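The values are calculated or read from the model by the stated rules, or taken from the named source; none is laboratory data. Quick caveat, the model's predicted, so the values are computed rather than measured. A quick note on method: Cβ atoms are made from the backbone with ideal geometry, for glycine too, and the neighbour counts reach across all protein chains shown. With ligands, DNA and RNA removed, areas are computed over all heavy atoms of the protein, side chains included. Shrake-Rupley method; radii C 1.70, N 1.55, O 1.52, S 1.80 Å.
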Amino acid sequence: MSQSDTAEIVARCHVLYEDLNFTAARKWKDAEPGRKVIGYMPVYVPREIIHAVGMLPLGILGGGDQLEVIHGDAYYQSYICRIPRSTIELGVSGRLDFVDGMLFPSICDVIRNLSGMWKMMFPGVYSKYFDVPQTYEDDVGGTFYENELTELLHDLEELAGRKVSEDDLRRSIEVYNRNRQVVRQLYALRAQKPWQVPAAEVYLVLRAGLVLPVEEHTDLVEQYLAAAESEDRPLRDNCRVILTGMFCEQPPLNLIKSLELSGCYVVDDDLMLVTRWLTDDVPTAGDPLHNLSQAFLHHSESTAAKYEPNPEEKGQYLVRAVRRTGAEGVIFASPSFCDPALLDRPMLQNVLKEAGIPFIAFKYAENSGQMQPIREQAGTFADSIKLWSAA
Amino acid sequence: MKITTSPAQSKEVLKDASMLKQKEMMAKHYDRLTNAEPNDNKVASTFVPGNLNELIMCFDLVNNLPEVNAIQSGLRRKSGAYVMEAEKAGHSEDVCTYVKSDIGMMAKGNIGPNGKKLPNPDVLLLSYTGCFTFMKWFELLREQYNCETIFLQTPYMADGKITPNMIQYMVKQLKEDVIPKLERVSGVKFDIDRLREYLKKSAEAEDDLVYILQSAKNKPSPIDAYFGGIYYIGPIFGAFRGTDDAIEYYRFLREEVDERLAAGLGPVTPDGPMGKEKYRLVVEGPPNYTNFRQFWKMFYEEGAVVVASSYTKVGGTYDFGFRHDPDRPIETLAEYCLGVYTNRSLPMRVEMLSNYVNDYQADGLLVNSIKSCNSFSAGQLLIMREVEKRTGKPAAFIETDLVDPRYFSAANVKNRLESYFQMVEQKRSGVKKEVAA
Ligand code: SF4
Ligand code: SF4
C-alpha cells in the first residue's frame with residue numbers, strides 16, 4: 001500500500017473524530033428499522049453484550065476542543081473536570097437524541113453522579129450505572145459481576161424486544177476478540193517502530209472504533225496496519241515514552257501531536273482503555289457471561305479506577321509496560337480535577353522512582369489550547385533522557 | 001443520669017450533661033488510641049460512611065477514623081499546614097483535602113488532638129461506601145503503614161433500590177474475607193452473639209438520634225441540625241455506635257431537647273441561646289471546618305437555623321426507618337453501608353432534600369459546595385434546581401472547603417447568604433401578597 005492509504009485512512013478517522021453529531025452512528029441506525037444505539041462512557045463496558053443484542057455500542061468521550069459548552073457549565077462547578085459538562089452539552093443540545101440508552105461505568109464519583117443526572121434530565125432514555133467488582137475472588141466479586149452482567153443483558157433484551165442466545169453472545173465475543181487482536185497488533189507495532197505509527201494516528205484509528213460497528217473497525221485497523229508497515233517514514237532521534245493517566249477525559253489531539261514534535265515517541269498509553277481492557281482473548285466455549293466475568297477479574301488492565309489488592313503489585317504494570325516497550329520514561333498527563341488519576345499518581349511515581357524510571361507530570365483539559373508549556377516540558381524531558389542515557 | 005437542679009440552673013446544667021459526656025468520651029477515646037501500643041491494643045483505621053464499629057469491637061480493635069482526625073485538624077486550624085505539606089510531597093492541589101490533611105499530619109509526626117502521637121494502624125478496613133477517594137486514600141495509607149488492608153465494596157444504589165445481588169455480595173465479602181481477616185489480625189475469634197449485643201445497643205441509640213434530629217420539625221426548632229448536628233452525630237458516626245456510652249449520650253441529649261421543646265426554646269449556639277428563629281433552612285453538603293464558628297455565626301446572627309441536613313446522614317441514614325438489626329447481624333451491616341447518604345443516587349438525594357424542605361417547613365435549600373469533594377459536589381447544581389422546582393422554595397449556593405482554609409472566603413459566603421435571606425424575604429412577601437389578593 002502507498003502512503004496515501006495511511007493518509008486516507010487517518011483522514012477518514014479524523015472526520016469521524018470531529019463529527020460531534022455522530023453521523024456515522026446515525027446512518028447505521030437509520031439503515032434498518034428497529035436498530036438501537038447504546039452510548040457508554042469511559043472506562044470499560046462489556047460491548048459484547050450490546051453487540052449480541054444487535055445494538056451499536058457508541059463511545060461517548062466528551063466534547064473535545066471543538067464543542068462550545070453553553071449549557072453544560074450551568075451544571076458543574078469550576079472545580080470539576082470537563083468531560084461531564086461537555087457530555088451534558090452533547091445531550092442537551094440534541095446531539096445524542098438518537099441514542100436509546102446510556103451506560104455509566106463505575107469509574108469515579110463524577111461519572112457515578114452523572115448517571116443519576118442523566119436519569120433526571122433524560123427520563124425517556126434507558127440509563128444505567130454499570131457497577132463492576134473491585135474484589136477479584138471468583139465466588140465473591142465474580143458472582144456479583146455475573147449477576148450484574150445478567151441484569152444488563154435482560155435490560156437490553158427488553159429494550160431490543162428480543163431474546164439473545166448463548167451462541168449470539170459467543171459470536172459477539174469472537175468478533176470482539178478479533179478486534180482486540182488487531183488493536184494489540186497496532187500497539188505492538190507502535191512499540192516496535194513508533195516512527196512508522198505516530199501516536200496521533202493510533203489515537204484516531206482507535207477512536208474510530210468507538211463510533212463504528214466493530215467489524216468495520218477491525219477491517220479499518222487491519223488496513224491501517226498494512227499501510228503503516230509498508231510506509232517509509234524517517235526515524236527521528238526521539239526518546240520513547242509511555243503516556244499515562246488519560247483513561248477518561250481525552251487530551252486534545254494537539255497535545256498528543258505536541259509530544260511527538262517535542263521529541264517523544266509514545267510507545268504505550270492508557271487512552272480509550274475499553275479497546276484493550278481485556279488483555280487476552282475471551283474463551284468462546286462455555287458460559288459466555290461467566291467467561292466475560294473471568295476475563296474481567298483475571299485478565300484486565302490496571303488503572304487508577306481499580307483497587308489493587310496486592311500492595312507489591314501496585315504500579316508494577318507500569319514498570320512492566322516500560323520494560324516491554326523499551327520506554328525510557330513516563331509522562332503522567334491527567335485531566336485537571338481528576339480524582340482517580342491524581343490520587344493514584346504519587347503512588348505510581350514512587351514505584352517508578354524505585355525502579356529508576358524518569359517521569360514528568362502535567363494536567364490538561366479536553367479543551368486546553370495552550371500547548372507551548374507542555375511542549376517545553378516534554379522537550380526538556382526528552383533532552384534530559386537523552387543526556388542521561390548518553391552519560 | 002437525671003440531674004436535678006433548681007429551675008434557674010436547670011438549662012445550663014442539662015445542656016452540659018450531653019456536652020460533658022461527649023467531651024469525656026472523646027478524651028477517653030483518644031487516650032485509648034494514643035496508648036494503644038503500650039496497652040497492647042490493636043488499631044483498625046476505617047471510614048465514617050459505612051464504618052463497621054460493632055464488628056470492629058467484636059475483635060477488641062480500637063477504631064481510628066482518619067476523616068475525624070482531619071476534622072479535628074481543621075477545627076484546631078492545623079489542617080492548612082498539613083494540606084500544604086502533602087502538596088509539597090507531590091499530592092495534587094485538585095484532590096480531596098481530607099486525604100491531604102491526613103497525609104500531611106502523618107508527615108508531621110501524626111499528633112492527635114490530645115497532643116500525643118496516634119498509633120500506626122494494625123489493619124486498614126477499607127469499607128468503600130459512596131466515595132471513590134476512599135479507595136485511593138487507603139492505598140496511600142497502605143503504602144505508608146504496610147499493614148493488612150481489608151476491602152469491603154458497597155455497590156452503589158444507582159437505581160434507588162437495594163437488590164438481592166448487592167446484599168449477597170456484601171454478605172459474602174463480610175463472611176469470607178472481612179471477618180476471617182479481622183480474626184487473623186486481632187487474634188480474637190468472631191462471636192456472632194457479641195455482634196448481636198452491640199447491634200442491639202446501636203439501635204437503641206439510633207432511635208434517640210432520630211428523635212433528636214426530627215425535633216427540628218417543631219417551630220421554633222430546638223436544635224440546629226447542621227452546625228449543632230455535627231456534634232450530635234459525633235458519637236454514633238464515630239467509635240461509639242454499639243456502646244453504652246452512646247446510649248447514655250443520646251439519652252441526655254434527648255432530655256435536653258425535650259426541655260428546650262417544652263420551654264419553646266431555640267438552639268444553643270457558641271454565643272449562648274439563639275435569638276428569634278427567622279429562617280429555617282435545609283442544607284446539603286459538608287460544612288467548612290477551618291472557620292467553623294465564624295461560618296455558623298453568619299447563620300445564627302441572622303436568625304437562620306438549619307432544620308435538616310444531608311451531612312448528618314453520611315454515617316448512616318436512620319430517619320427512613322433503618323435500624324441495625326440484631327436478628328440479621330451480617331445482612332444489617334450490609335444494609336447499613338448501602339444506605340448511607342453518599343451511596344444514594346442523585347434522584348434519591350433530590351427526593352430526600354425536597355421532602356426535608358416540605359416536612360420541616362423550611363424556607364428553602366442551601367447548598368454548601370465543597371471544592372475538594374466530587375462525591376458530594378458533582379451534580380449539586382442540578383439538585384439545587386430540582387429541589388427548587390419541586391418545592392417552590394428558593395435555593396442558593398455557597399462554596400467553601402472542608403479543611404483547606406485557602407478556600408474559605410468569609411466575605412464571599414456572607415454576601416451570598418445575605419442575598420439568599422433577601423430572596424427568602426421576597427418570596428414570603430410575594431406569597432403574602434398573593435394570599436391577600
Ligand atoms: S476525568 Fe477523572 S474525575 Fe473526571 S469523570 Fe473522568 S475519571 Fe472522573
Ligand atoms: S466523601 Fe468527599 S470529603 Fe469524604 S473522602 Fe470522599 S471526596 Fe473526600
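Regarding A:T279, is this residue among the polar types (S, T, N, Q), more than 14 Å from chain B (Cβ to nearest Cβ), open to solvent by 10 Å² or more (accessible area, probe 1.4 Å) and more than 16 Å from ligand 2 (Cβ to nearest atom)? Don't jump to the end; show me each part of the working.
Working: among the polar types (S, T, N, Q): yes; more than 14 Å from chain B (Cβ to nearest Cβ): yes; open to solvent by 10 Å² or more (accessible area, probe 1.4 Å): yes; more than 16 Å from ligand 2 (Cβ to nearest atom): yes.
The answer is yes for A:T279.
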In the range B:265-289, which residue that is more than 14 Å from B:P220 (Cβ to Cβ) and open to solvent by 10 Å² or more (accessible area, probe 1.4 Å) is nearest to the chain's Cα centre (by Cα)?
-> B:P270
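Going by the structure shown, is B:F252 aromatic (F, W, Y), more than 28 Å from B:E388 (Cβ to Cβ) and outside any helix (DSSP H, G or I)? Step through it out loud before you land on a result.
Numbers: aromatic (F, W, Y): yes; more than 28 Å from B:E388 (Cβ to Cβ): yes; outside any helix (DSSP H, G or I): no.
So B:F252 does not fit the description; no.
Inside the range B:372-392, can you point out the residues that are assigned to a loop (DSSP other than H, G, I, E, B), within 16 Å of ligand 1 (Cβ to nearest atom) and small (G, A, S)?
Going residue by residue through the range B:372-392, those that are assigned to a loop (DSSP other than H, G, I, E, B) are B:372-373, B:378-379, B:392.
If we keep only those that are within 16 Å of ligand 1 (Cβ to nearest atom) too, we end up with B:372-373, B:378-379.
Residues satisfying the conditions are B:S372, B:A378, B:G379.
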Based on what the data block shows, is A:G124 without any contact (Cβ under 8 Å) to a residue 60 or more places away in the chain, on the phi > 0 side of the Ramachandran plot and open to solvent by 10 Å² or more (accessible area, probe 1.4 Å)?
-> no
Return the pairs, sorted by first residue and then second, in which the second residue is assigned to a helix (DSSP H, G or I) and open to solvent by 10 Å² or more (accessible area, probe 1.4 Å), the first residue lies in the range B:342-356 and is within 9 Å of another protein chain (Cβ to nearest Cβ), the beta carbons are less than 6 Å apart, and the residues are 6+ apart or on different chains.
-> B:P347/A:K119; B:P347/A:M120; B:V350/B:E386
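Go over the candidates B:Y336, B:Y360 one by one and state the one that is more than 25 Å from B:C96 (Cα to Cα), modelled with pLDDT of 95 or more and of a type in the set (S, T, Y).
After applying the criteria, what remains is B:Y360.
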Output for the range A:328-357, where each listed residue is more than 14 Å from chain B (Cβ to nearest Cβ), crowded, with 18+ Cβ neighbours inside 10 Å and either without any contact (Cβ under 8 Å) to a residue 60 or more places away in the chain or over 24 Å from B:W137 (Cβ atoms) (or both) = A:E328, A:G329, A:I331, A:I357
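Is it the case that some residue within the range A:284-307 is open to solvent by 60 Å² or more (accessible area, probe 1.4 Å), assigned to a loop (DSSP other than H, G, I, E, B) and under 22 Å from A:H154 (Cα atoms)? Quick ask: steps written out before the conclusion?
So in the range A:284-307, the residues open to solvent by 60 Å² or more (accessible area, probe 1.4 Å) come out as A:285, A:287, A:290, A:298-299.
Of the ones still in play, those that are also assigned to a loop (DSSP other than H, G, I, E, B) are A:285, A:287, A:299.
Narrowing the set further to residues that are under 22 Å from A:H154 (Cα atoms) leaves A:285, A:287.
Yes, the range A:284-307 contains at least one residue that is open to solvent by 60 Å² or more (accessible area, probe 1.4 Å), assigned to a loop (DSSP other than H, G, I, E, B) and under 22 Å from A:H154 (Cα atoms).
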Working carefully through the options B:G90, B:G74, find the one that is farther than 24 Å from B:Y156 by Cα, open to solvent by 20 Å² or more (accessible area, probe 1.4 Å) and not in a strand (DSSP E or B).
-> B:G90
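Of the residues A:I49, A:I38, which single one is farther than 28 Å from B:F397 by Cα, among the hydrophobic types (A, V, I, L, M, F, W, C) and touching an Asp or Glu at 6+ places or on another chain (Cβ under 8 Å)? First the steps, then the outcome.
Values: A:I49 fails: touching an Asp or Glu at 6+ places or on another chain (Cβ under 8 Å).
Only one candidate passes the filter, namely A:I38.
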Check off (1) open to solvent by 10 Å² or more (accessible area, probe 1.4 Å); (2) more than 20 Å from A:H51 (Cβ to Cβ); (3) touching a strand residue (DSSP E or B) at 6+ places or on another chain (Cβ under 9 Å); (4) part of a helix (DSSP H, G or I) for A:R207 and give me the number that stays unchecked.
-> (2)
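Name the one entry in B:G303, B:G316 that is touching a strand residue (DSSP E or B) at 6+ places or on another chain (Cβ under 9 Å) and open to solvent by less than 10 Å² (accessible area, probe 1.4 Å).
Details: B:G316 fails: touching a strand residue (DSSP E or B) at 6+ places or on another chain (Cβ under 9 Å).
On inspection, the qualifying residue turns out to be B:G303.
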Among (1) over 19 Å from A:L16 (Cβ atoms); (2) away from chain B (no Cβ under 14 Å); (3) of a type in the set (A, V, I, L, M, F, W, C); (4) within 11 Å of ligand 1 (Cβ to nearest atom) - the single one A:A52 does not satisfy | (4)
In this structure, is B:L417 facing chain A (nearest Cβ under 10 Å) and surrounded by fewer than 23 Cβ atoms within 10 Å (Cβ to Cβ)?
-> no
How many of the residues in the range B:255-287 are within 30 Å of B:S377 (Cα to Cα) and in a helix (DSSP H, G or I)?
-> 0
Kindly indicate which of A:S106, A:S115, A:S127 is modelled with pLDDT of 95 or more and within 16 Å of ligand 2 (Cβ to nearest atom).
-> A:S106
Scan the range A:137-179 residue by residue and report those that are over 20 Å from A:K36 (Cβ atoms), assigned to a helix (DSSP H, G or I) and within 14 Å of another protein chain (Cβ to nearest Cβ).
-> A:D138, A:D139, A:V140, A:G141, A:G142, A:T143, A:F144, A:Y145, A:E146, A:N147, A:E148
Over the range A:77-103, the set of residues under 22 Å from A:F130 (Cβ atoms) and within 16 Å of ligand 2 (Cβ to nearest atom) is A:I80, A:C81, A:P84
Could you tell me which residue of the range B:361-371 is farthest from ligand 1 (Cβ to nearest atom), considering only residues that are open to solvent by less than 10 Å² (accessible area, probe 1.4 Å) and more than 8 Å from chain A (Cβ to nearest Cβ)?
-> B:A362
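Please verify whether A:D219 is within 14 Å of another protein chain (Cβ to nearest Cβ) and of a type outside the set (S, T, N, Q), treating the condition exactly as stated.
Details: within 14 Å of another protein chain (Cβ to nearest Cβ): no; of a type outside the set (S, T, N, Q): yes.
No, not satisfied.
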Count of the range B:389-410 residues which are open to solvent by less than 70 Å² (accessible area, probe 1.4 Å) and over 18 Å from B:G430 (Cβ atoms) = 11
Considering residues of the range B:38-64 that are open to solvent by 10 Å² or more (accessible area, probe 1.4 Å) and in contact with a Phe, Trp or Tyr (Cβ under 7 Å, 6 or more places away or on another chain) only, the residue farthest from ligand 1 (Cβ to nearest atom) | B:M57
The lone exception for B:G364 - which of (1) of a type in the set (G, A, S); (2) within 16 Å of ligand 2 (Cβ to nearest atom); (3) out of contact with any Cys (no Cβ under 8 Å at 6 or more places or on another chain) it fails = (2)
